[in-house]
Amino acid sequence: MAGLYVHIPFCTSFCIYCDFYSEVAPERVDAYLEALSREAASRKSELSVPPTTLYVGGGTPSLLSERQFSRLSEILRKNFDLQAVEEFTVEANPDDITPEKLALWRSCGVNRLSIGVQSFCDAHLKWMRRRHDSAAAARAFRMAREAGFRNISLDLIFGYAGLSMREWEASVEKALSLGPEHISCYQMMLEEGTPLTLLAEAGKYIEPPQEECAAQYSLLQQRLSEAGYVQYEISNFALPGFESRHNSAYWRREPYLGLGPAAHSFDGARHRSWNDPDLEAWLAAWNPASESRRAGSFEILSDKDVFNETVMLSLRTARGLDLAELDPTLLAEARPAFDAAIASGNLVRTPSGRLRIPSDRFFISDFAITEEILI
Ligand code: SF4
């Protein structure tokens, strides 16, 4: 298994909470695509097997015009053997979705859409500085269905000030009424440098209490479970068989190649590398006249890093952690912490003998459970 990720570092405007790397620079998209072509040609050999998943994320991939997306598809087809690709995802914002783009994506082999809905409450969408309203999100979803997409994921956000339980429930119900195959839900966080964090620093935004966020998360889990969705990761729910293969491979530490500014790559063992989140530096590095290649860095993971990564990534998932995957010497060191977590119920055994965090403790997992086990 291997994944290929392409980061499209462009947005039409910035949302209040977002710290993903992107620029508002539509005039740079064509130059980006030509540099991407050179990066793909130069780095394709880093994937030792043909990719089984493709993921075009961002930023906002859906803002590419039809001509630009066709060029992107051509770059991928020219440089990679795509015959083994099982899942080809494109992230899309509702306001960009048109029948023409949907038809083009389908003709390029895209078989999964991840639509950034975030909320079905218009006042909240406006506050988040999203460009669509709830009617546009529902329209975009239906258009995607009509265009033949049979694997659609919706993103929702909870845990921000002003979101009542009633409003949250209404958004969850509206999402369910559309019948997506997959739902991703994230808690709004104060990320460094975002407009929301600046507001918080100026005393103009106060995060809601954690108990309120936990109650919203719990409601989400309950409603989605009742509707037949399986929670296979802290933030991800799918109808059986529709788990994201690309993202699941990240959690299983399988290899992937990331192209574009801010994209990360991993060889499936110890070598992690990344492109700097800097469009102009990346364009300069892949300029034909440039002697340097890649504006970024890498790290070689130590035994300890591998241990900690394996624990952290596996325990994000319902599949859980197989202790046999861990270095035995380091496992011996961590054994008391594992035993304590099992004794307290923070870890339980799955039917296949792996260890996992029970669903009702997923919400506290990042802080209270995994941290104690890391060495
Ligand atoms: S949430 Fe999406 S559209 Fe909004 S700024 Fe971030 S990447 Fe861009």
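The values are calculated or read from the model by the stated rules, or taken from the named source; none is laboratory data. Quantities reported herein were computed from a predicted structural model and do not represent experimental measurements. Cβ atoms come from the backbone with ideal geometry, glycine included; neighbour counts cover every protein chain shown. The protein model used for the area step is the full one, side chains on, heavy atoms only, and it has no ligands, DNA or RNA in it. Shrake-Rupley method; radii C 1.70, N 1.55, O 1.52, S 1.80 Å.
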Those Cys residues of the chain for which no other cysteine Cβ falls under 4.7 Å: Cys11, Cys108, Cys121, Cys185, Cys213
Carbon/sulfur fraction of accessible area - the stretch 303-373, other protein chains in place, 1.4 Å, %: 54 percent
Over the stretch 303-373: Kirkwood hydrodynamic radius from C-alpha pairwise inverse distances, Å: 12.0 Å
Ranked by how many other beta carbons lie within 10 Å on average, peptides 288-297, 131-140 from highest: 131-140, 288-297
For the stretch 156-175 versus the stretch 93-144, the gap between their alpha-carbon centres in whole angstrom: 18 Å
Å² of accessible area per residue within the stretch 128-209, as computed with a 1.4 Å probe and no ligands counted: 45 Å²
Nearby aspartates and glutamates by direct alpha-carbon distance to Lys304 (threshold 16 angstrom, same-chain neighbours under 8 apart not counted): Glu325, Asp327, Glu333, Glu371, Glu372
Lysines whose Cα lies under 19 Å from that of Lys44, excluding same-chain neighbours fewer than 8 positions away: Lys78
Quotient of C-alpha Rg and 2.2 N^0.38 Å, computed over the chain: 1.00
Percent RCO, i.e. relative contact order, over the stretch 3-250, from Cα pairs under 8 Å lying at least 6 residues apart: 18 percent
Whether the stretch 180-304 is rounded, prolate or oblate, judged on the alpha carbon gyration tensor where a/c under 1.5 counts as rounded: oblate
Accessible area per residue in Å² at 1.4 Å probe, computed on the stretch 303-373: 50 Å²
Heavy-atom accessible surface of the stretch 34-161: percent carbon and sulfur, 1.4 Å: 47 percent
